[in-house]
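Take a look at the structure below.
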């Protein structure tokens, strides 16, 4: 799919979907919202139709947004979301997670069970319960099916107005807040107050239902208000061009924070011990967001001077930074300090094995990962780490077997298919290489590239009718996806 076609689809998609968003707060500016397409409590759109829309949206989004491939971080967030979902009103629990490499505070929900989060949200949250509060809010958008309800409200509005506003929001997610702001400003005169009141009602409902989920999950009901108060303070301190409130698709106001606080007062605060998992993932995110390896080293050195698990998380971040710097010996020393609170933590096993691979100790790395996999068969970050270690050890044939099997469990993960294509190429499986590349390109919305890869594979199968039939069927799937994108 060409870039022009992707932009056309985003604009066309916007005329169909009017949705709620989340305020992004940068350290120095306020960003705009990635599309948040809550679901519907009406019969306007079926759940199957919403899932189709969501899957199409995700392909376009992956093609343009800086989506993060981090199996360990994804596993952590998925487990957190799943725990919240178990205590929520969400009926359809088939969810997909997308992590965006972006320093802003943001999360979003798309009809069809897609939940997205910026790694910047994890960076800025003070506790795991604050992160959980934002996730619970997005789950509430899905459980209350806000997409169709908002669409019904927008039905009488100008399609041009909705398209312009939504295209601006989508552009803000991809190209940055300045471009999105310009597009949104062009449509602000046509915005109608009744639509904004409805949007605020959705947000208030999501706040209320999200609080209910937090309480049921035995998490701190005050966490949402705590985080939003800090966001509001940051907005006051750093925003130089305050947007009119009606332009904020997920309005952040004194009234909204006060409402959150008032609701939380009816519930007792939950004092929970610090989550070591959260501290480690926060260090991982801060490593990802660091401007340079030197900045990361300096940041984590300072953190190691603090006490308890916070210092341990600093040592973990320092180990990651030293690996990037090509200093595995220093990384091993930092890791030994980090492991003190919990030597068997999965995050440490993965880093330890990565250090071994970097030092050429491939057998040691593979043995460690294989032993842990025997205790947690099918674990996503472990399986990916094991395949990567096999790859680095010069065993692409085995890595391909591991990833091919894992792709059956994670068919919608672009990272799995990307790795599988690479090791199949090294193993001499050229047909498999082209097929796996095609699966990767389908998931990231590059349909022209996917079609080319499948045609390359088709030329190589000769008279193998089974393989030919499989490839031809996938080519038809690509054409169906293209038609759906162009006609949505």
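The values are calculated or read from the model by the stated rules, or taken from the named source; none is laboratory data. Bear in mind that the values here come from a model prediction, so they are computed numbers and not experimental data. Here the Cβ positions follow ideal geometry from the backbone for every residue, glycine too, while neighbour counts run over all protein chains shown.
Go through the stretch 133-147 and give me each residue that's modelled with pLDDT under 90 and more than 11 Å from residue 85 (Cβ to Cβ).
The answer is 141, 144, 145, 146, 147.
Mind checking whether some residue in the stretch 383-394 is over 30 Å from residue 351 (Cβ atoms) and at pLDDT 95 or above? Give the derivation first.
Restricting attention to the stretch 383-394, the residues satisfying the condition of being over 30 Å from residue 351 (Cβ atoms) are none.
Looking for residues that are over 30 Å from residue 351 (Cβ atoms) and at pLDDT 95 or above, one finds none in the stretch 383-394, hence no.
Just one of (1) closer than 29 Å to residue 71 by Cα; (2) part of a helix (DSSP H, G or I); (3) modelled with pLDDT under 95 trips up residue 445, so point out which.
(2)
Here is a list: 120, 116, 112. Which entry is at pLDDT 80 or above, crowded, with 23+ Cβ neighbours inside 10 Å and at positive phi? Steps first, answer last, please.
Values: 120 fails: at positive phi; 116 fails: at positive phi.
Step by step, each of 120, 116, 112 is checked, and only 112 is at pLDDT 80 or above, crowded, with 23+ Cβ neighbours inside 10 Å and at positive phi.
Taking the criterion of being free of Cβ contacts under 8 Å to residues at least 12 places away in the same chain, within 21 Å of the chain's Cα centre (by Cα) and loosely packed, with under 15 Cβ neighbours inside 10 Å, would at least one residue in the stretch 271-287 satisfy it? Break it down into steps so the answer makes sense when it comes.
Looking only at the stretch 271-287, we keep the residues that are free of Cβ contacts under 8 Å to residues at least 12 places away in the same chain, and these are 273.
This time we only want the ones that are within 21 Å of the chain's Cα centre (by Cα), so: none.
No.
I'd like to check which helices (runs of 4 or more DSSP H) are fully inside the stretch 357-425 and have at least 3 residues that are touching a strand residue (DSSP E or B) at 6+ places or on another chain (Cβ under 9 Å) and within 25 Å of residue 323 (Cα to Cα). Explain how you work it out, then say what you get.
Values: elements: 362-375, 380-392, 396-409.
Of the helices (runs of 4 or more DSSP H) lying wholly inside the stretch 357-425, none has at least 3 residues that are touching a strand residue (DSSP E or B) at 6+ places or on another chain (Cβ under 9 Å) and within 25 Å of residue 323 (Cα to Cα).
Condition first: touching a residue at least 60 places away in the same chain (Cβ under 8 Å) and over 14 Å from residue 317 (Cα atoms). Now tell me which residues in the stretch 337-353 satisfy that. I'd like the intermediate steps shown before the answer.
Keep residues of the stretch 337-353 that are touching a residue at least 60 places away in the same chain (Cβ under 8 Å), which gives 341-342, 345-347, 350.
341, 342, 345, 346, listed by residue number.
State all residues of the stretch 426-442 that are within 28 Å of residue 486 (Cα to Cα) and in a loop (DSSP other than H, G, I, E, B); if no residue qualifies, say none.
Passing the criteria: none in range.
Go through the residues of the stretch 424-438 one by one and say whether even a single one is within 22 Å of residue 54 (Cα to Cα) and modelled with pLDDT of 95 or more.
Here is the first cut: in the stretch 424-438, the ones within 22 Å of residue 54 (Cα to Cα) are 438.
Next, from what is left, pick out any that are modelled with pLDDT of 95 or more: 438.
Within the stretch 424-438, one or more residues are within 22 Å of residue 54 (Cα to Cα) and modelled with pLDDT of 95 or more.
Check residue 252 against each of (1) modelled with pLDDT of 80 or more; (2) within 22 Å of residue 209 (Cβ to Cβ); (3) part of a loop (DSSP other than H, G, I, E, B) and name the one condition it does not meet.
Of (1) modelled with pLDDT of 80 or more; (2) within 22 Å of residue 209 (Cβ to Cβ); (3) part of a loop (DSSP other than H, G, I, E, B), only one is false for residue 252: (1).
Tell me the helices (runs of 4 or more DSSP H) entirely within the stretch 293-340 that contain at least 3 residues that are farther than 16 Å from residue 351 by Cα and modelled with pLDDT of 95 or more.
Working: elements: 293-303, 308-324, 328-338.
So the answer is 293-303, 308-324.
Consider the stretch 251-276. How many of its residues are within 25 Å of residue 311 (Cβ to Cβ) and touching a helix residue (DSSP H, G or I) at 6+ places or on another chain (Cβ under 7 Å)?
Residues flagged as within 25 Å of residue 311 (Cβ to Cβ) and touching a helix residue (DSSP H, G or I) at 6+ places or on another chain (Cβ under 7 Å) within the stretch 251-276 amount to 4.
Would you be able to say whether some residue in the stretch 450-462 is outside the structural domain of residue 66 (by TED's automatic domain parsing), closer than 17 Å to residue 479 by Cβ, at pLDDT below 95 and not in a helix (DSSP H, G or I)?
Within the stretch 450-462, none of the residues are outside the structural domain of residue 66 (by TED's automatic domain parsing), closer than 17 Å to residue 479 by Cβ, at pLDDT below 95 and not in a helix (DSSP H, G or I).
For the structure I just gave you, tell me whether residue 261 is out of contact with any strand residue (DSSP E or B) (no Cβ under 7 Å at 6 or more places or on another chain), part of a helix (DSSP H, G or I) and at pLDDT 95 or above.
no
Somewhere in the stretch 370-390, is a residue more than 27 Å from the chain's Cα centre (by Cα), surrounded by fewer than 20 Cβ atoms within 10 Å (Cβ to Cβ), in contact (Cβ under 8 Å) with a residue 12 or more places away in the chain and within 26 Å of residue 311 (Cα to Cα)?
Among the residues of the stretch 370-390, not one is more than 27 Å from the chain's Cα centre (by Cα), surrounded by fewer than 20 Cβ atoms within 10 Å (Cβ to Cβ), in contact (Cβ under 8 Å) with a residue 12 or more places away in the chain and within 26 Å of residue 311 (Cα to Cα), which makes the answer no.
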